[in-house]
Amino acid sequence: MEPVLALENVARVFPRGIVALRQVSLTVGAGEFVAVMGATGSGKSTLLHCAAGLDRPTSGSVRLAGREISRMRERPLTRWRRDRVGFVFQSYNLLSELTVRQNLALPGRLGAPRRRGVEEVLAAVGLDGTGRRPVGELSGGQRQRVAIARALVTGPSVIFADEPTGALDPATGGQILGLLRRAADRDGVTVLMVTHDPAAAAWSDRLVLLRDGTVAADTVTPDALTIAGRLQSVSAGAIA
């Protein structure tokens, strides 16, 4: 079966010769939950942006949900991303003045298919009965649940999560990670998550460690304490 996400020899060089990614190759299958970690400047966010089609690699190829996206024109790429991808960010990216239901309706108003009902996804993230509440009245954890519900409503092939628990307390963050874990296990959604937190990464199936824009390690995810040790070793230039 073709992987949902495949990066082959992806490099990204920014102006002034700043190299963010160096010949990165990575494949992720359906329903797989992958955590990407590394020190500041290791290329984590650039990897996520290239994989999601938010940025274009300088060289190499990216296949997302069966399509080569790295050389697609901007308009069809935007449509493909809209229809196949969900995003969950640390800052939620919700419209606070709109209700929960209105925020979930936004992808459809932009032309995305709505493959799941609003009430269904709200129930799935534990927000039954909140559809008419303004997002601005919700707690941070509730807002992140709305963001996950919005990501799920289109029935995406993959969810890209960028520090989804960074602004949350540990207990609330664990609830959010449980929802992403359930999306992978129950719904078969591929999850690629960038995080700095070993406890968050421990929810994943695979752990990818970056160093200086390269993949330093790609392993089955161990426990949080082992993750912390490996991250420290990789950041220091050795692989545990």
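The values are calculated or read from the model by the stated rules, or taken from the named source; none is laboratory data. What you are looking at is a predicted structure, and each value in this text was computed from that prediction instead of being measured. Note: ideal-geometry Cβ built from the backbone for every residue, glycine included; neighbour counts use all protein chains shown.
For the range 109-120, enumerate the residues that are within 16 Å of Arg145 (Cβ to Cβ) and either surrounded by 15 or more Cβ atoms within 10 Å (Cβ to Cβ) or among the hydrophobic types (A, V, I, L, M, F, W, C) (or both).
Passing the criteria: Arg116, Val118.
Specify the residue that is farthest from Glu2 (Cα to Cα); the eligible residues are those in the range 53-72 that are out of contact with any Lys or Arg (no Cβ under 8 Å at 6 or more places or on another chain) and touching a residue at least 60 places away in the same chain (Cβ under 8 Å).
Among those residues, the one meeting the criterion is Arg63.
Quick one: would you say Glu32 is in contact with a strand residue (DSSP E or B) (Cβ under 9 Å, 6 or more places away or on another chain), charged (D, E, K, R), surrounded by fewer than 17 Cβ atoms within 10 Å (Cβ to Cβ) and farther than 27 Å from Asn103 by Cβ?
Criteria not met by Glu32.
When both residues are 6+ apart or on different chains and their Cβ atoms are under 9 Å apart, which pairs have a first residue that lies in the range 24-52 and is of a type in the set (Phe, Trp, Tyr), and a second that is part of a helix (DSSP H, G or I)?
Phe33/Leu180; Phe33/Arg181; Phe33/Ala183; Phe33/Ala184; Phe33/Asp185
Give the number of residues within the range 170-219 that are out of contact with any Gly (no Cβ under 9 Å at 6 or more places or on another chain), of a type in the set (Gly, Ala, Ser) and not in a helix (DSSP H, G or I).
Final tally of qualifying residues: 3.
Just one of Pro107, Pro76, Pro57, Pro134 is in contact with a helix residue (DSSP H, G or I) (Cβ under 7 Å, 6 or more places away or on another chain) and over 23 Å from Pro15 (Cβ atoms); which is it?
Pro107
Which of the residues spanning the range 117-161 are part of a loop (DSSP other than H, G, I, E, B) and among the polar types (S, T, N, Q)?
Passing the criteria: Thr130, Ser139, Thr154, Ser157.
Has the range 131-138 got at least one residue that is modelled with pLDDT of 90 or more and under 16 Å from the mean Cα position of the chain (by Cα)?
no
Against the conditions (1) closer than 11 Å to Gln90 by Cα; (2) loosely packed, with under 15 Cβ neighbours inside 10 Å, where does Ala167 fall short? Just the number, please.
Result: Ala167 passes all but (2).
Pick from the range 1-29 the residues that are surrounded by fewer than 22 Cβ atoms within 10 Å (Cβ to Cβ) and in a loop (DSSP other than H, G, I, E, B): which of them is nearest to the chain's Cα centre (by Cα)?
My answer is Gly29.
Can you tell me how many residues within the range 90-108 are in contact (Cβ under 8 Å) with a residue 60 or more places away in the chain and surrounded by fewer than 17 Cβ atoms within 10 Å (Cβ to Cβ)?
Counting residues in the range 90-108 that are in contact (Cβ under 8 Å) with a residue 60 or more places away in the chain and surrounded by fewer than 17 Cβ atoms within 10 Å (Cβ to Cβ) gives 1.
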